[in-house]
Each structure stands twice: as structure tokens, then as C-alpha cells.
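Here's the structure we're looking at; comments come further down.
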Amino acid sequence: MTLSGIAFRNLAHRPWRTGLTFLGVVLAIAAYVALVGLVRGIEGTLLANFETRGADVIMTEAGAADMLSSVVPVAVTDDVRRVEGVAEASPELGRMTTIGEVTTSFVYGWPPEGWSWEALELTEGRFPVAGDGAAEGAVGGVTLGVRLAERISAGPGDLVTIFSAPFIVTGLHTTDSVLNRNGAAMLLSDMQAQTYRDGFSTSIVVRFADTLSSTERDAAIATLSSQFPGLAVDETEAMVDDYVNVRIARILSWVVSTVAVVSAALAVMNTMAMAVNERRGEIAIMGAVGWPRGRIIRCLLLEGAWLTGAGSAIGIALGVAAAWLVARSPNVEGFVEPEIGVSLVCGAVALGLGIGVVGTLVPAVRAALQDPASVLRGK
Amino acid sequence: MSLAIHASGLVKRFAGMDHPALDHVDLDMTEGEMLAITGPSGSGKSTALYAMAGLITLDAGQVTLLGEAPKTRAAWADVRARRIGLVFQEDWLLPTLTACQNVELPMIGVETSPTKRKERAEAALASVGMAGHAGRAPAGLSGGERQRVALARALANRPDLILADEPTGELDRANSDRVIGLLKDLNRAGTSIVIVTHDPHVAEACSREVRITDGRLEAVR
């Protein structure tokens, strides 16, 4: 018989109470893992969208709430290219729209010479060119991400409706970016025509010369900022970090996770307080037979650790499953792949054990401080 | 013979009581004695026993047990674990543990080997005639059997002194005689024993009797 064995038996003695508290811990940890994993996934997805194209800096309309509502004149692209240190600059028009049955797909418009096309690996067909689909009554050509093509059962030669207009599928592409695998790309001019944005893009994507030192890179960013005061110049990571939807998702995930975790800690505290109250005699006898206070507290903390340790393990598994299930739901698929790495799992385990310690410590200390004589004498 | 217990000037007051529960109690007990502390209900006899076990904080006085005079709660816990066996009117067995595991309880922290703990617990159970009940839960035992398991628990660390508070208080005559017989056997084997009791039969079984009335101790025989 060990302290851990005693703790486990005490929990098993009240299966319903233990089970319900366990469930609370499982749900709290699952909520934390799923929500934080999804938010990190959103950030990672957006970041990958730029990083797979080798983008260093994104220039958007200063003050725009998010990238998709930004309006940037395409004409400034040439001026951007002339800034010292800038290797390439390309306008990009991004929109989120419905394609077939898929209600949330990213569509990008890039100029034919734009370097963003290089990030897409064609699996079938070719990239669109001017005049595509004219013979078939389409307003232009489009290449679809392989996952999107699979979801809407479309392939090269098929007509798809985008922005309420017919486009002919010229090819299928794949990429490391989940957004692009679930998205579509077309010529900037075609997209501008269909979205009433002639002459405008949502951003200018900039690549610096590979030879730039970090100081030179900072100087180039400063020059861009001063030369184009109407545009926000953000490095890709900062851009994603400041993205309003990411910020909202992050806040929501923390709020919901915090509520769940605090509720679980209170449930554990309630359970342990009841357990300690019921077992005053047993705890008194531990003191009477010579157990020091520290060992009594440790024994009770082990109960909390059993409860929350096992709850964390199940909660993490459930959280991973829930995050992937959410990511695969029709309205979300294509936006996010949950990022549940070692740091998140370690954080969840630490959180679980923290719930156990916080929830158990107060009842345990109170139990250890009780006067065993008065309990054993029935007073 | 050296002293098992040397108590001097013990004073303990409880809120709401007219008189002290212990009123300058002095008591010396030689090693190997079997001492009965008798007295009416509320006279302070149990308080005296708990004071000797370091389970209550005294207002005044000092207890030296088997040559040790613990000052802190932790030091008292250490002495109780190593040298004292405690038996109470209620058995206070942990319902989630088997009889054997209950007996192992005081050995946690004293005997590090779980195997040896189990062996010693089984031996303690055998010494009180409960060898065949080691794996049974307290709920499956009779009152007498439970008290014998509690006695085995008190013997777990092979104590030099057993302090028993009304150990037969909830037992019928047959079980009471059996428990007292076991305590007498232990005493014959050299263990010093203090029994708080209001039962004259139990008091008679002891080699010496003192009586506490309104917190004051007097020798009876």
C-alpha cells in the first residue's frame, strides 16, 4: 500500500462524484487544447500562406481592419520595386467567396508575371492566361487547389462559378498552405473586373533581396513606411499576429478556456472539500498514527493529481479529436489545420496538474491543520 | 526501571468548561506497567491520554515519553510513529482499505519496503487472531474483529507504549475480554500500556489504577 494507492482507492470509493469531477477536468482540458490548437492553427495557416511564397513584408491600407478589406492602388507597385533592398513586389487581390458547395474559399488574383504563382505546384493542367474560357462563355481561367477541386468535384476544362461569373478551370495546384490547397487563383485583371476593383489590390507582397542584412532589412522597411505613409508595412509574422480575426479568435479561445479551467478547478475543490469533510476521522487517524502534516497533504494532493492527471490525458486526446473534427466541418475546412504540438500538450498537462493542485491544496491544508483529538473523540 | 511516561503539571482548559480538563496532573509510569485511568464521563481521563500522545496542545506542563520530550507537532508525530501505538473507542479503520492495508498505514514513512510492510502487517494481524481476514474490507468485519484490526494497526511499528482510549467501549463482554487478553499478552511481552476506561473489569485487569475527577488525578491502587 502506497500513498498513491490510498489516493486512488479514495477516488474509486465515490465513483459518481469522482466521475463527474473527472468529466469536468476532461472537458476543461479538451476545450483548452481544441481552442488554443485551432487558434494556433489559424495563425499558422495564415503565416504559411505568405511564407510558402517567400513573402517578407505585406503592404496594406493603413488602418484597414483586416487584409481583405484593405484597398491598395496597384500603381504604387512600381514605386515599391524601386526602393533599395526590395527584390520583388507583386500586387495581390484576395477575397473570400463561395465556390460551388464550398462557402468559404480564398481566391487570389495575381498578375501573370507575379511571383506568387511559383509557390503553387501544378498537379494537372496549367496556370490561367488572358482570354481563357472565351470560347466556353467564361469570363476567365482559374486554377483550383487540389482539396477544393476534390470537394466540388471539378477538374481542368470544367466551368465553376466564382463571384457569380463562370470561370474555366485551367489547372489544379497543390502547396504547403492549406488555404491555397482549398482556394483558387486567377489573373488579377479578371478578378478586379469581377469584384469592381479595377486598378486596385488588397495588398502588395514584397520580397527583399536575399543578401540583405537584418539592419538593411530594417532600413528597407523604414523606407517603405516613410515613402508610403498611406500603407501599413508589416512583416508577415506581425501581420498575422495583428490580424483582427486572429486577435478575436485568440481572445475568445482564452476566455472560453479560462472559464472552463476555472470551473474545473472549482469542481475539483468542491469534490476535495466534500471528500475531506467526509473523511475527517480518517485524516485524524493518519495524524494520530504519526503521519506528519506534509504526508497527509501529499496524500490528498495525490488524489487531485490522479483526478486531473488522468483527466488531462483523456482531455488532450478529446481536444485533439475535437479540433480536427471542427477543422473538417464544412464551414471551416480549408481555413485551418489545428496546431497541437509538444508545447501545447505540455501546457495542457501543466494546466491539468495546476487545476489539481489549486483545487486540492486548500482542502488538504485545512484537513491537515485540523485537531485530530477533537475528531477522534467525536467532538 | 526507567520511566515510560513522566508527566508533570499538565493543565488543559477547554472553552466553556467550569473547571480545567487537566488540573496540574502529575503522573509517572514505569516501563512494563499496565496502567488504567478511570473516572466519570467528562472527568478528563481521555484528555490526559491525548496529552500523553501529543495530540492536544497543553496550556501548561510537560510530557516525557520513553525518555523523549517532543516540543513540536512534527516531533510528536515522529514519536507516535516510532514508539506509540494508539487504540480508540471507535476503530477508525479506513473503509477504502483492506484490514491488512489499514495495519500498514502507520508503517508508511517508517518502513520503506512495501513488501516488508505487508509482511509485518500480516504478522500483526496474526498476533490478534485476524490472520484469515487480511484481505477483507472493514465493512465485512464484526465490531470485535474491527477493533482487533485497530489493535493490530497500533502494533504495526512494534511500539514500546500503547495508549488505548476506551478500547472495549463498543464491544460486548466476549470481545472485550478478548481485546483485554491481547493487551495483557502484549504487556507480559514488555510493552507498556495505558488504558482509559470506565469499565471496572478492564481496570481490574491492569497492574495499577489512577482516577481522574474534575481534572485532578489520584492514585487508586
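Taken together, the values in this text are just the output of simple stated rules run on the coordinates, not laboratory data. Because the structure is a prediction, the values reported are computed rather than measured. Here Cβ is always computed from backbone atoms with ideal geometry, including for glycine, and neighbour counts include all displayed protein chains.
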*Could you work out the per residue convex hull volume over the alpha carbons of the range A:209-267, in cubic angstrom?*
125 Å³
*Which of the residue pairs B:Lys71/B:Lys118; B:Lys116/B:Lys184; B:Lys45/B:Lys116 have a Cα-Cα distance greater than 30 Å in the structure shown?*
B:Lys71/B:Lys118; B:Lys45/B:Lys116
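Rg to Rh ratio, the range A:63-229, alpha-carbon atoms and Kirkwood radius?
Numbers: Rg = 16.8 Å, Rh = 16.6 Å.
Using Cα coordinates only, the ratio equals 1.01.
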*Binned Cα-Cα distance frequencies in the range A:136-204 - 10 Å width, integer %*: 22, 49, 28, 1
*State the dimensionless ratio Rg/Rh of the range A:103-161 (Rg: radius of gyration of Cα atoms; Rh: Kirkwood radius).*
0.93
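Report the net charge of residues surrounding A:Gly183, where surrounding means a beta-carbon distance below 11 angstrom and charges are Lys +1, Arg +1, Asp -1, Glu -1.
Its environment carries a net charge of +3.
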*Counting only C-alpha contacts under 8 Å and six or more residues apart, can you give the relative contact order of chain B as a whole percent?*
30 percent
*asked:* Calculate log10 I(q)/I(0) of the range A:173-289 for q = 0.12, 0.18 Å⁻¹, where I(q) comes from the Debye formula with a single equal point scatterer on each Cα and nothing for solvent.
replied: -0.77, -1.19
*For the range A:234-346, state what percent of all Cα-Cα pairs lands in each successive 10 Å bin, counting from 0 Å until the bin that includes the largest distance.*
11, 28, 26, 17, 12, 6, 1
_Inside 10 Å of the C-beta atoms of B:92-100, what's the mean count of C-beta atoms belonging to other chains?_
6
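What is the antiparallel percent of DSSP beta bridges lying wholly in the protein assembly as shown, to the nearest 5?
Numbers: 50 of 77 bridges.
Antiparallel: roughly 65 percent of the beta bridges in the protein assembly as shown.
Starting from the eigenvalues of the Cα gyration tensor, five times each then square-rooted, give me the equivalent ellipsoid semi-axes of the range B:1-103, largest first, whole Å. List each step's numbers first, then the result.
On the way: eigenvalues 113, 70, 41 Å².
Three semi-axes, in Å: 24, 19, 14.
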*asked:* P(r) for chain B, please, calculated from all Cα pair distances in 10 Å bins and given in %.
replied: 9, 34, 36, 18, 3, 0
*Measure nothing fancy, just the Cα-based angle from helix B:73-83's long axis to the longest principal axis of chain B, in degrees from 0 to 90, nearest 10.*
60 degrees
*Using the Cβ atoms and a cut-off under 10 Å, what net charge is assigned to the surroundings of B:Arg82, where Lys and Arg are +1 and Asp and Glu are -1?*
0
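Could the peptides B:18-28, A:31-41, B:50-60 be put in order, highest first, of the mean number of other beta-carbon atoms found within 10 Å of their residues?
Working: B:18-28: 17.6, A:31-41: 24.9, B:50-60: 20.6.
Highest mean packing first, the order is A:31-41, B:50-60, B:18-28.
Could you grab the Rg to Rh ratio for the protein assembly as shown? Cα atoms only, Kirkwood for Rh. Don't skip to the answer; put the middle values down first.
Values: Rg = 39.3 Å, Rh = 30.1 Å.
Using only Cα positions, Rg/Rh for the protein assembly as shown is 1.30.
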*On a 0 to 90° scale, report how tilted helix B:173-188 is relative to the longest principal axis of chain B, with both axes built from alpha carbons and the result rounded to the nearest 10.*
80 degrees
*Compute the separation of the alpha-carbon centres of the range B:7-60 and the range B:170-221 and state it in Å as a whole number.*
16 Å
*For peptide A:2-9, compute the average count of partner chain beta-carbon atoms within 10 Å of each residue's beta-carbon.*
3
*Cα centroid separation, the range A:103-172 to the range A:222-283 (Å)*: 39 Å
